[in-house]
Amino acid sequence: MRPIFLASALCLLCVCSVSAQDNIAALAAICDQAAASPLDQTRPAGIPGVEIDKVDPKIAVPACEAAAKAAPNDPRIAYQLGRAYFAAKTYESARAQYVKADQAGHGLASNNLAVLYAEGQGVAQDQEKARELLEKAAFAGVALAMNTLGTRYYEGKLVPQDYKEAFYWFEKGAAAGMSLSMGNIALLYEKGQGTRQDYVQARYWFEKAAAKGHVVAMAKLGFYYTNGFGGPKDYGEARRWYEKAIAAGNTDPIVRSNLQALVQRASRPRDYVRRAVPSVARSSDPIRCYGGRMVACPGGACWQPSC
């Protein structure tokens, strides 16, 4: 009887263990649906992620609290709970979770913790600590942090202005696939800041950024193709890029005016055609950022803080 009893007990333990694992997985899945980041490479396959400004704290906070209670040592769950608290504007709680995930090596948590220190949200403002955390995130492969560092060096914000250092970090971000960094490299080539002035390279990088949905880059290409910057003039391509910029959300009246000039130009008799002279899209135009957020381009360089 004793062997039978032990075998039965072991079976019960196995059933309980499987049931507990299934419960943890189910809770984590709900948290993933509510608060996973689109930029998090550790999120499960099939989970698209939720942009930081679209996280619903009423759903995400209880879901991720339950998941964190079931899996207290999972850095991804801690990071997602931090995002949920951030969405609820309970910044001290967000910081505690970001610290936990950061200490476990979660790069995006390091990035978001840097934002809290930079903005003084849930902690005393500490720009040096913010810079250290940004560098930690960047060296961990977080493209968002690379672009933010590049922007800081470009603007001379809290660090000495250094265009070469800005170019270095934008190159890193672009290599990691970030459209904002691609657009910023194009900007530096256009202005000859941190590198030689090269309109061919500027057009190349604006095209790469535009292909990823960078709205300002689309408008820039309209200007480049109209005026033959970095390559031959092509009014058809110019018109196409202006139309794409407007369709993607660019509301700059200059862009619309430039498009209208091209349309009118195409409708005139050939011997009456006059050259349209579009203007560069203003650098303060909102753009569709990596991950879908709408951000601005202060000082010309475009960036997104949190993820």
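In summary, helices (runs of 4 or more DSSP H) completely within region 174-276 and bearing 2 or more residues that are loosely packed, with under 13 Cβ neighbours inside 10 Å occur at 199-211, 235-247, 253-267.
Suppose the filter is crowded, with 22+ Cβ neighbours inside 10 Å, farther than 30 Å from Ala166 by Cβ and in contact with a Ser or Thr (Cβ under 9 Å, 6 or more places away or on another chain); does Leu81 pass it?
Details: crowded, with 22+ Cβ neighbours inside 10 Å: yes; farther than 30 Å from Ala166 by Cβ: yes; in contact with a Ser or Thr (Cβ under 9 Å, 6 or more places away or on another chain): yes.
So Leu81 passes the test.
Scanning region 95-142 for residues that are modelled with pLDDT under 95 and in contact with a Lys or Arg (Cβ under 8 Å, 6 or more places away or on another chain) yields one hit, Arg131. Sort out which residues of region 29-53 are among the acidic types (Asp, Glu) and in a helix (DSSP H, G or I), and write them in order of number. Listed by number, the residues that qualify are Asp32, Asp53.
For region 120-166, a tally of residues being surrounded by fewer than 17 Cβ atoms within 10 Å (Cβ to Cβ) and either in contact with a strand residue (DSSP E or B) (Cβ under 8 Å, 6 or more places away or on another chain) or basic (Lys, Arg) (or both) returns 3.
Residue-wise test of (1) outside the structural domain of Ala176 (by TED's automatic domain parsing); (2) under 23 Å from Ala130 (Cβ atoms); (3) surrounded by fewer than 16 Cβ atoms within 10 Å (Cβ to Cβ).
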| site | (1), (2), (3) |
| --- | --- |
| Ala25 | yes, no, yes |
| Ala28 | yes, no, no |
| Asp56 | yes, no, yes |
| Glu65 | yes, no, no |
| Ala68 | yes, no, no |
| Tyr85 | yes, yes, no |
| Glu92 | yes, yes, yes |
| Tyr98 | yes, yes, no |
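For Glu171, state whether it is in contact with a Pro (Cβ under 9 Å, 6 or more places away or on another chain) and within 26 Å of Ala114 (Cα to Cα). Let's see the steps before the verdict.
Details: in contact with a Pro (Cβ under 9 Å, 6 or more places away or on another chain): no; within 26 Å of Ala114 (Cα to Cα): yes.
Judged against the criteria, Glu171 is not a match.
Checking each residue in region 100-113 for being surrounded by 24 or more Cβ atoms within 10 Å (Cβ to Cβ), closer than 27 Å to Gln21 by Cα and hydrophobic (A, V, I, L, M, F, W, C) picks out Ala101, Leu108, Ala109.
For Tyr154, the requirement of being farther than 20 Å from Pro38 by Cα, without any contact (Cβ under 8 Å) to a residue 40 or more places away in the chain, not acidic (Asp, Glu) and not in a loop (DSSP other than H, G, I, E, B) is not met.
Out of all the residues in region 167-200, which are under 22 Å from Val142 (Cα atoms) and either in contact with a strand residue (DSSP E or B) (Cβ under 7 Å, 6 or more places away or on another chain) or aromatic (Phe, Trp, Tyr) (or both)? Working first, answer last.
Here is the first cut: in region 167-200, the residues under 22 Å from Val142 (Cα atoms) are 167-188.
Within region 167-200, Phe167, Tyr168, Trp169, Phe170 meet the criteria.
Determine whether region 83-95 contains at least one residue that is on the phi > 0 side of the Ramachandran plot and not in a helix (DSSP H, G or I). Among the residues of region 83-95, at least one is on the phi > 0 side of the Ramachandran plot and not in a helix (DSSP H, G or I), which makes the answer yes.
The values are calculated or read from the model by the stated rules, or taken from the named source; none is laboratory data. Please read these numbers as outputs of a predicted model, since none were measured by experiment. Here Cβ is always computed from backbone atoms with ideal geometry, including for glycine, and neighbour counts include all displayed protein chains.
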